[in-house]
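The values are calculated or read from the model by the stated rules, or taken from the named source; none is laboratory data. Computed from a predicted model, the values in this text were never measured in an experiment. Calculation scope for accessible area: heavy atoms of the full protein, side chains included, ligands and nucleic acids excluded. Shrake-Rupley method; radii C 1.70, N 1.55, O 1.52, S 1.80 Å.
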Amino acid sequence: MSSKQVEDLLHWRDFQRTAVVFGASLFLLLSLSTCSIVSVCAYISLALLSVTISFRIYKGILQAVQKSEDGHPFKMYLDQDIALPAETVHTYSDKALVHVNRCLKELRHLFLVEDLVDSLKFAVLMWICTYIGALFNGLTLIILGFIGAFTWPVVYDKYQKEIDHYYDLVKKHTKDICGKIQAKIPGAKPKAE
């Protein structure tokens, strides 16, 4: 999917497609929260097999009754090439490698305290995450993030002016507080913007 298609999906521009993707994905995530991944994969596979086997038997009976030679009902899909091209795999691997290397450099920067303020911010974030982790498990956070990804763009489009106003206020206030903290910490230099 291109970024434009993802954007259209998250902004609910094609209601039916978005509803199907949202509903199926949310059903899968909620299933994973109650059953193991092995059980969910087994149930989904059984449901898919029931549909395809039933359809194949139905088409076979229909061909026998009508005495037609339509062939295999899934022949169109069986003839399609589903192999991944090596170039595509290499392209995405290279892109992933760039992100992994950038992440490793940032973690080194934070854990080896290259910049004290950044490391302190990271420590506060991790401290907050311990409380979030005590309240929610990872799958619950994924479900909440998924629901947020499908609702936030619509809410932001509707209330953009108000949200931007309050965001700017919070950003200014946070910048002032960080400046005061940096001024009181010895050796902490303010970042140039």
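Using Cα pairs closer than 8 Å and at least 6 residues apart in sequence, work out the relative contact order for the chain, in percent.
After rounding, I find 30 percent.
Leu62: accessible area at probe 1.4 Å, nearest 10 Å²?
Accessible surface of Leu62 is approximately 60 Å².
Using a 1.4 angstrom probe with every protein chain in place, what is the largest-first accessible-area order of Glu162, Glu69?
Ranked list, largest accessible area first: Glu69, Glu162.
For Lys59, which lysines qualify as cross-link partners when the Cα separation must be under 16 Å and same-chain residues fewer than eight apart are set aside?
Output for Lys59: Lys67, Lys75.
If the cut-off is a Cα-Cα distance under 17 Å, which aspartates and glutamates reach Lys171, setting aside same-chain residues fewer than 8 apart in sequence?
Once the sequence-local aspartates and glutamates are set aside, what remains near Lys171 is Asp118, Glu162, Glu193.
Restricting attention to the alpha-carbon atoms of the stretch 54-193, what are Rg (one decimal) and Dmax (integer), both in Å?
27.5, 89
Which value results for Rg/Rh of the stretch 38-98 when Rg is the Cα radius of gyration and Rh the Kirkwood radius based on the inverse mean 1/r?
Radius of gyration relative to Kirkwood radius: 1.24.
Whenever you get a sec, line up Phe150, Phe55 from highest to lowest accessible area (probe 1.4 Å, protein heavy atoms).
Phe55, Phe150
Taking all protein chains together and a probe of 1.4 Å, list Leu32, Leu116 from the most accessible to the least accessible.
Largest to smallest exposure gives the sequence Leu116, Leu32.
Pairs Lys121/Lys172; Lys121/Lys161; Lys4/Lys105: which exceed 19 Å Cα-Cα?
Checking Cα-Cα distances, Lys121/Lys161; Lys4/Lys105 exceed 19 Å.
Once every DSSP H run of n ≥ 4 in the chain is given -39500 (n - 2.57) and the sum is divided by its residues, what mean residue ellipticity at 222 nm do you get, rounded to the nearest 500 deg cm²/dmol?
-27500 deg cm²/dmol
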